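Below: the structure, in structure tokens.
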Amino acid sequence: MAHEFQTIAAAIIANDLEKVKESIHKGVNVNIENDGWTPLLIAAHKGHVEITKYLIKKNANINAKNNGTSPIYIACQNGHLAILKILLKNKAQINITNHGATPLIIASQEGHEEIVKELLKYKPKLNHMDKGDSALHYACMNDQLNIVKLLLEKGAKINSQDKGDTPLMLAVDNNYEELIKFLLESGAAINKQNQGKTAYDLIKDEKVREILTAHLRKTKSKLFTKCFTDK
């Protein structure tokens, strides 16, 4: 069994479709496993399109997991758009999780914009939380402005709170100026609190302070009055 797996795995890694076919024709189980890895998981991980198509045609388990990682998750993590399209076309579970994280979450975290666009065509759960964080939170943590725009266009909740932080709080905490501007223009609330602190209380950079102060002035926010007239 171990030898059979090593043979087909080596063929997949080398992107040798003929040797993969030879292994299957000789009776190797298309869903053979070793330490949780299946042939399809390896093909998805490596981004080998023709081998992925062939394995699916031979009834590979499209949602098989290795310690939580599925073919669609690993394709999204590694930015393999062609693999993702094949998997989605063959009914891979779009909201399948890896210890709480969905394909949309990992793609948003890694900054794979084209992957996110493709996933959004299939209406994934936009506001699913992974240990308290949504795809929007992960995009904001990593300054992925274009992905933030895509998620908000599709209805992600701009003021959702993870472990207490809103997307704006995460952007302010990391001094992501352009992201902060966009979130404010899109309706992010400055007055949301986490343990009594607002986004304004998290400011570390003077330019960020200027951005938030200008927005508070413009919107005649009660928070502006509190911050500047009670002193």
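Laid out as a table, the results:
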{"read-out": "Helices (runs of 4 or more DSSP H) lying entirely in the range 35-146 (those with 1 or more residues that are buried (at least 16 other Cβ atoms within 10 Å of the Cβ) and among the small types (Gly, Ala, Ser))", "value": "39-46, 71-78, 103-110, 135-141"}
{"read-out": "Residue match in the range 18-34 (condition: acidic (Asp, Glu), out of contact with any Lys or Arg (no Cβ under 8 Å at 6 or more places or on another chain) and assigned to a helix (DSSP H, G or I))", "value": "yes"}
{"read-out": "Hits in the range 1-20 - residues which are over 26 Å from CYS76 (Cα atoms) and surrounded by 14 or more Cβ atoms within 10 Å (Cβ to Cβ)", "value": "GLU4, THR7, LYS19"}
{"read-out": "Test: VAL208 is touching a helix residue (DSSP H, G or I) at 6+ places or on another chain (Cβ under 8 Å), of a type in the set (A, V, I, L, M), part of a helix (DSSP H, G or I) and more than 27 Å from GLY100 (Cβ to Cβ)", "value": "yes"}
{"read-out": "Considering residues of the range 162-173 that are surrounded by fewer than 18 Cβ atoms within 10 Å (Cβ to Cβ) and in a loop (DSSP other than H, G, I, E, B) only, the residue modelled with the lowest pLDDT", "value": "LYS163"}
{"read-out": "Sole residue being out of contact with any Gly (no Cβ under 8 Å at 6 or more places or on another chain) and under 30 Å from ASN127 (Cβ atoms), chosen from ILE8, ILE74", "value": "ILE74"}
{"read-out": "Number of positions in the range 147-160 that are under 21 Å from ALA199 (Cα atoms) and assigned to a loop (DSSP other than H, G, I, E, B)", "value": "5"}
{"read-out": "Filter result for the condition that a residue is within 23 Å of GLY79 (Cα to Cα), among the hydroxyl-bearing types (Ser, Thr, Tyr) and over 14 Å from the mean Cα position of the chain (by Cα), over TYR138, TYR122", "value": "TYR122"}
{"read-out": "Matching entry among VAL116, VAL148 (being in contact with a Cys (Cβ under 7 Å, 6 or more places away or on another chain) and either farther than 21 Å from ILE42 by Cβ or among the hydroxyl-bearing types (Ser, Thr, Tyr) (or both))", "value": "VAL148"}
{"read-out": "Given (1) within 23 Å of ASN146 (Cα to Cα); (2) surrounded by 14 or more Cβ atoms within 10 Å (Cβ to Cβ); (3) of a type outside the set (Asp, Glu), index of the condition ASN194 fails", "value": "(1)"}
{"read-out": "Residues (at pLDDT below 95 and of a type outside the set (Gly, Ala, Ser)) located in the range 99-120", "value": "HIS99"}
{"read-out": "Search result, residues across the range 186-208 that are of a type in the set (D, E, K, R) and touching a residue at least 24 places away in the same chain (Cβ under 8 Å)", "value": "LYS192, LYS204, ASP205, LYS207"}
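Matching residues to (1) under 21 Å from LYS117 (Cα atoms); (2) over 16 Å from the mean Cα position of the chain (by Cα); (3) modelled with pLDDT under 95:
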{"site": "HIS25", "(1), (2), (3)": "no, yes, no"}
{"site": "VAL28", "(1), (2), (3)": "no, yes, no"}
{"site": "ASN34", "(1), (2), (3)": "no, yes, yes"}
{"site": "VAL49", "(1), (2), (3)": "yes, yes, no"}
{"site": "LYS57", "(1), (2), (3)": "no, yes, no"}
{"site": "ALA64", "(1), (2), (3)": "no, yes, yes"}
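The values are calculated or read from the model by the stated rules, or taken from the named source; none is laboratory data. The model shown is predicted, which means the values in this text are computed figures rather than measured ones. Note that each Cβ is placed from the backbone with ideal geometry, even for glycine, and that neighbours are counted across all protein chains shown.
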